[in-house]
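For reference, the structure is listed below as C-alpha cells.
Bear in mind that the values in this text are calculations on the coordinates, not laboratory data. This is a predicted model, so every value here is computed, not measured. Counting neighbours? That spans all protein chains shown, and the Cβs are built from the backbone with ideal geometry, glycine included.
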Amino acid sequence: MSLPRRTASGGRPTKEEAEKLGEHILQKALQEFITKGFDAARMDAITASAHVSKRTLYARYESKDELLCATMDYGIAKHIRPMCTLPANGPVRERLEAVARKFLETSLTAEGRGIQSLLTWLANYRPNLQNKITGKAMADVTGVMEQILKDGYANGEIAFSDFPEVAQIVFHLLFSLPNYEILSGMFPEYHGEEDVRLDKELDFVMAALRTGVVFPPNGP
C-alpha cells in the first residue's frame with residue numbers, strides 16, 4: 001500500500017485522505033510487528049516505512065501498545081471482511097462452509113500466520129491486550145455465523161436456537177481446529193488454500209445442528 005496523495009490545494013487533509021493515511025500507517029505497522037515482533041518493532045521504523053513524521057504517528061497513537069491494538073484490529077478486520085460479503089442466503093451447510101473456508105484461506109496467508117503469531121505472543125506476555133483484541137474479533141466472526149444459524153433455525157434446517165453460544169462452538173470446530181491442525185503439521189499433505197477440506201467437520205456440525213443433541217448448554 002502506497003502513501004495516499006494529498007490534495008493539490010494543501011491545507012488540512014480531507015476525511016477520506018485522513019482515513020487512507022490511517023490505513024496506510026496501520027498496514028506498515030502490521031508489517032513491522034509481524035516481521036520483528038512486538039519487542040523489536042520500533043516506532044521510528046514505522047514512521048520511516050510509512051513516510052510520516054513522528055508527530056503524525058504520535059498524534060494518532062500515544063504508545064506502542066496503543067498502536068499495536070489498533071494495528072491488530074485493522075489486520076484482523078481485513079481478514080474478516082471477505083466473509084461479510086459472502087452470499088446472504090442458501091443452505092446452512094453451504095454458507096457455513098463458505099465462511100469457514102474463506103477465513104481459513106485468509107488466515108493461512110503469510111500475513112494471516114503473522115497475525116496469529118502475534119496473538120500467541122500476546123497471549124503469553126500481554127494477556128490483557130490479547131483479550132481486548134480477540135474479544136472484538138470473535139464477536140465479529142461469530143456474528144456472521146450467528147446470522148447463518150438464525151436463518152437456518154427460521155427455515156427449519158436446524159434445531160438449535162441458542163445462537164451466540166452455538167456460533168462460537170461452530171466457529172471453533174470449523175475454523176480453530178482445522179487451522180491448528182494445519183499449522184501444527186497434522187495435515188502434511190496440505191500445500192495451499194485450495195486444499196482445505198471441511199467435509200468431516202461439516203458432517204459432524206450439521207448432524208449436531210439438526211438433532212440438537214451434541215452441544216450442551218455450557219459448551220461443546
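Limiting things to C-alpha atoms, what are the Rg and the maximum Cα-Cα separation (Dmax) for segment 91-131, in angstroms?
Radius of gyration, then largest Cα-Cα span, for segment 91-131: 13.7, 42 Å.
Please report, in debye to the nearest 20, how large the charge dipole of segment 81-158 is about its Cα centre when each Lys and Arg carries +1 at its beta carbon and each Asp and Glu carries -1 there.
Magnitude of the dipole: close to 300 debye.
Once the dipole of the chain is set up with Lys and Arg at +1 and Asp and Glu at -1 on Cβ about the Cα centre, which of Val99, Thr120, Asn179 lies farthest towards its positive end?
It is Thr120.
Rank by packing, highest mean first: peptides 42-51, 83-92, with packing defined as the count of other Cβ atoms within 10 Å averaged across residues.
42-51, 83-92
Straight-line reach from Lys102: which aspartates and glutamates fall under 19 Å, measuring Cα to Cα and dropping same-chain residues less than 8 apart?
Leaving aside aspartates and glutamates fewer than 8 places away in the same chain, those within reach of Lys102 are Asp73, Glu94, Glu111, Asp140, Glu146, Glu181, Glu193, Glu194, Asp195, Asp199, Glu201, Asp203.
Show log10 I(q)/I(0) for segment 15-62 at q = 0.29, 0.33 Å⁻¹, two decimals, from a solvent-free Debye sum over equal Cα scatterers.
Calculated log10 I(q)/I(0) at the listed q: -1.14, -1.30.
Specify which residue in the list Thr47, His24, Thr35 is farthest towards the positive end of the charge dipole of segment 15-62, using unit charges on the beta carbon of Lys, Arg (+1) and Asp, Glu (-1), about the Cα centre.
After comparing all options, I get Thr47.
What nm value, rounded to one decimal, do you get for the distance between Leu177 and Leu86 when each label is placed 7 Å out toward the C-beta?
Each label point is offset 7 Å from its Cα along the Cβ direction, giving 1.7 nm.
At 20 °C and a viscosity of 1.002 mPa s, what translational diffusion coefficient does Stokes-Einstein give for segment 8-148, taking Rh as the Kirkwood radius over Cα pairs? Give it in µm²/s as a whole number.
The calculation lands on 130 µm²/s.
Starting from the Cα of Lys132, step 7 Å toward the Cβ, then list every residue of segment 51-66 with an amide N under 18 Å from that point.
Within reach of a label on Lys132, which here means backbone N under 18 Å from a point 7 Å along Cα→Cβ, segment 51-66 contributes 58-66.
Using only Cα atoms, tell me the angle between helix 110-125 and the longest principal axis of the chain; keep it within 0 to 90° and round to the nearest 10.
90
What's the magnitude of the charge dipole for the chain around its Cα centre, counting Lys and Arg as +1 and Asp and Glu as -1 at the beta-carbon? Answer in Debye, nearest 20. Write out the running numbers ahead of the final one.
Numbers: 26 positive and 29 negative charges, 214 e Å.
Roughly 1020 debye for the chain.
May I ask you to list the lysines whose Cα is less than 23 Å away from that of Lys64, ignoring any residue fewer than eight positions away on the same chain?
Lys20, Lys28, Lys36, Lys54, Lys78, Lys132, Lys136
Can you give me the P(r) profile for segment 48-115? Cα pairs, bins 5 angstrom wide beginning at 0, each as a whole percent.
Going from the shortest bin to the longest, the percentages are 3, 14, 18, 17, 13, 12, 9, 6, 5, 2, 0.
What's the center-to-center distance, using Cα atoms, between segment 44-76 and segment 196-211 in Å?
Answer, in whole Å: 42.
Convex hull over the alpha-carbon atoms of segment 72-211: what's its volume per residue in Å³?
Output value, Cα hull per residue: 105 Å³.
Quickly rank 27-39, 163-175, 53-65 as a protection proxy: mean count of other C-beta atoms within 10 Å, highest first.
Most protected by this proxy first, the peptides run 163-175, 27-39, 53-65.
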